[in-house]
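Some notes on the structure that comes next.
The values are calculated or read from the model by the stated rules, or taken from the named source; none is laboratory data. Nothing here was measured: the structure is a model prediction, and the numbers come from that model. Using ideal geometry, Cβ is built from the backbone for each residue, glycine included, and neighbour counts are taken over all protein chains shown. With ligands, DNA and RNA removed, areas are computed over all heavy atoms of the protein, side chains included. Shrake-Rupley method; radii C 1.70, N 1.55, O 1.52, S 1.80 Å.
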Amino acid sequence: MAEPSDPVSPTTSHHSAPVSFSSTTTSFPSRTPLVHHLPALKADLKKVSAARGNVHDLKVAILVRWEDDNTGADKDITTMGKVMETFGIQYTEYIVKSSDTIPSWNLQGKIREVMYDCHLSKRHSLFVFYYVGHGMISDGRLSFVSGKRSMPWSRIRANFWDEPDAMKYVDVLGVLDCCYSGAATRAQQTRTIQMLAACGANEGTNPRAQTVSFTMRLFRAVQHFKGQSSVTTAALFQEIQRQKPPHAPNAVMETISGTQPIRLVFKNYTIPSRIPHLSSHGNEKHVLVKLTLHGHSHISGHSDVLQGFQKAIQDLPPNMKVEISDAYETDESIFLVMGMSWEAWALWTMVTHLDFIGVTLGPSLMPRRLEVPVRAVEENLRPPPGKGKGKAE
């Protein structure tokens, strides 16, 4: 399984079969852009926009921390437990004992036990895996650590998403609140598997012992939607990002597979929050991205692709709307610079590859107009000085 190709991006899923153009000359940038064909992209976006989200008959979770943790993980486990109760998810707190000499093996055994129960039920199930504590990168891979002991993420996740046939009715939501959690790897499957991580693959996160933790932000995001019957993970992600303290890293959401968002249904009663809700920010944070579309070698082909794309996005639902800031042609493609909400980002990246540019506050500071540059042909060239217009009689 491949590591994410762009560790800076909050997510790098791209399910709509983009292609890479090869070149005989040295290219800049060195990483070839992933290019989408418009017909396939339109079809994939339609699937996502029409999806109502998977709901589940059986919902279970494992909440994991180390016994000798010093990050405040015990309090985060309690907070996450309240999130699970809010959605009627049966959860087990799994505390890795200091005396455990084979922690990874024993945790895998517990996961397999829970997953086997989901399999036997034959019901559409949701399995939530949550870890809070220290994380580190070793040999390019994420591990959960405490002192000198570690549990490789690659071994743990194999128990709940590497067997698509046995677990075809089990959707998976992973929530990782640890440093470098964005380094969680991908797999291609048919069921819905999503990951929520506290930070990117090369970043540290804010433990609860120091400031507002990612788990606390998740809890507050859930409280924000109370009063509704349900909420999607994409909408939760949007609120998690909105609640981000100024110096905290951006959270990560990645869809490992599937085009159906995971929808969490609230229980009939409300659990009061013991953590005060953060005040809303004056400016909503949005994402600026680049999307590359396959074009043609002649300029009219590029214009047709752009117009087709503009038409394709007109009927998208409000939570998937984008604003095209600019568009440019290349030899074999066009690329568009677009702004979108975090929720739209989460939904688009279920089926597309978006190059992450940055997070913005408000509109562009520079006035812009959208146009595809037109190559000057002979009749459109500016005439040399002294030529062109005839002298007045």
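What is the diffusion coefficient of region 53-258 in µm²/s, taking the Kirkwood radius over Cα pairs and the Stokes-Einstein relation at 4 °C with a viscosity of 1.567 mPa s? Could you put the intermediate results ahead of the total?
Working: Rh = 17.0 Å.
The Stokes-Einstein estimate is 76 µm²/s.
For Val351, what residues show an amide H to amide H distance below 5 Å, using hydrogens built from the backbone and excluding near sequence neighbours?
Placed amide hydrogens put His15 under 5 Å from Val351.
What FRET efficiency comes out for the pair Lys97/Lys311, r = Cβ-Cβ distance, R0 = 45 Å, nearest 0.05?
0.15
Apply the Karplus parameterisation 6.51 cos²θ - 1.76 cosθ + 1.60, with θ equal to phi minus 60°, to every residue of region 317-327 and state each ³J(HN,Hα) to the nearest whole Hz, in sequence, with x for glycine and proline.
Couplings: x, x, 6, 10, 5, 10, 10, 7, 8, 6, 8 Hz.
Per the Cauchy relation, a quarter of the hull surface: what is the mean projected area of the convex hull of the alpha carbons in region 63-108, in nm²?
3.4 nm²
Considering only DSSP beta bridges where both residues belong to region 53-258, give the percentage that are antiparallel (nearest 5). Spell out each step's value before the answer.
Values: 14 of 42 bridges.
Expressed as a percentage, antiparallel bridges in region 53-258 total about 35.
Under a 1.4 angstrom probe, counting protein chains only, how are Tyr91, Tyr116 ranked by accessible area, largest first?
I get Tyr116, Tyr91, largest accessible area first.
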